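Novice: Could you have a look at this structure, given as structure tokens, before my questions?
The values are calculated or read from the model by the stated rules, or taken from the named source; none is laboratory data. All of these numbers come straight from a predicted model, not from anything done at the bench. All Cβ positions, glycine included, derive from the backbone under ideal geometry; neighbour counts span all protein chains shown. Just so you know, the surface numbers come from the protein's heavy atoms only, side chains and all, with ligands and any DNA or RNA stripped out. Shrake-Rupley method; radii C 1.70, N 1.55, O 1.52, S 1.80 Å.
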Amino acid sequence: MTTQPQLLRGAILKCLFPFEDKPDLPGTSPHYCLLVESFEHEGKAFVIVAYGTSKLDAALQSAHPVLDIPTNLLSGSAINANQGVIHILCDHLAVIPFDSKWVYMTFSARLGIFKPEHTQQPARRNLLANFQKAEADINAAAIRLLNEFVIHRKVGIRPDTKLR
């Protein structure tokens, strides 16, 4: 039995997302992040993830497009019941190695919005529509970040990235 999460569209990974002061090192606290892409480079597995936070303030809202994910619409590993909502910053992304230094390998969750029966539930249907709209911002940011990674071969966030 594998401990790796299924890397599917809508996967949520628990990661040590890097911070501005050390953009190429794992952060000090875990964040639930949306998987954007997984890829292999020079024989090593990497993921691109979008930053997730439970604390959304006006500064974050005005600086980033945000996708709100109610935790009760996730399937898989349990997320803190008090969490309520994970706010994904659609343009605050990082390229990180897919290893235990960066990713909690025993955690796996996914948006519960892709099965045909989910369209019968208004909350899930609404989240799917919001997710599909957010994908344009997420994918544009991922392409920029991946291009920089290929050129500079640096993991983490871009050094000029600001959260607020």
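Novice: In nm, what is the difference between 0.36 nm times the number of residues separating ARG9 and MET105 and their Cα-Cα distance? Could the numbers behind the result be given before it?
Specialist: Working: separation 96, 0.36 × 96 = 34.56 nm, distance 1.72 nm.
Full-extension gain reported as 32.8 nm.
Novice: Along the charge dipole of the stretch 46-159, which of GLY76, PRO122, HIS87 sits closest to the positive end, that is, farthest toward it, with unit charges on the beta carbon of Lys, Arg, Asp and Glu (+1, +1, -1, -1)?
Specialist: GLY76
Novice: How big is the equivalent ellipsoid of the stretch 20-164 along its three axes, where each semi-axis is √(5λ) from the Cα gyration tensor, reported in whole Å from largest to smallest?
Specialist: In descending order the semi-axes read 25, 17, 16 Å.
Novice: Share of the chain's accessible area from carbon and sulfur, percent, 1.4 Å?
Specialist: Roughly 50 percent of what the probe reaches on the chain is carbon or sulfur.
Novice: Taking the Cα centroid of the stretch 106-136 and of the stretch 24-64, what is the distance between the two, rounded to the nearest whole Å?
Specialist: Rounded to whole Å, the Cα centres lie 19 Å apart.
Novice: Here's something else I'd like to know. Taking the Cα centre of the stretch 1-138 as the origin, how large is its charge dipole in debye, to the nearest 20, when only Lys and Arg (+1) and Asp and Glu (-1) carry charge on their Cβ atoms? Each step should come with its number before you reach the end.
Specialist: Working: 11 positive and 13 negative charges, 108 e Å.
Using Cβ point charges on Lys, Arg, Asp and Glu, the stretch 1-138 gives about 520 debye.
Novice: Calculate, for the chain, the solvent-accessible area per residue in square angstrom, rolling a 1.4 angstrom probe over the heavy atoms of the protein chains.
Specialist: Values: 8850 Å² over 164 residues.
Here the residues of the chain average 54 Å² of exposed surface.
Novice: Per the helix-only calculation at 222 nm, which mean residue ellipticity applies to the chain, given -39500 (n - 2.57) for every DSSP H run of n ≥ 4 and division by its residues, nearest 500 deg cm²/dmol?
Specialist: Value at 222 nm, helices only, nearest 500: -7500 deg cm²/dmol.
Novice: Mind listing which trypsin sites (Lys or Arg not before Pro) in the stretch 78-133 are in a DSSP loop and have 12 or fewer other Cβ atoms within 10 Å?
Specialist: Within the stretch 78-133, the qualifying trypsin sites (Lys or Arg not before Pro) (loop, at most 12 other Cβ atoms within 10 Å) are LYS101.
Novice: Ok, one more. Which pairs break 22 Å Cα to Cα here: LYS55/LYS162; LYS44/LYS101; LYS44/LYS162; LYS44/LYS154; LYS14/LYS101?
Specialist: Numbers: LYS55/LYS162 16 Å; LYS44/LYS101 14 Å; LYS44/LYS162 28 Å; LYS44/LYS154 13 Å; LYS14/LYS101 11 Å.
Checking Cα-Cα distances, LYS44/LYS162 exceed 22 Å.
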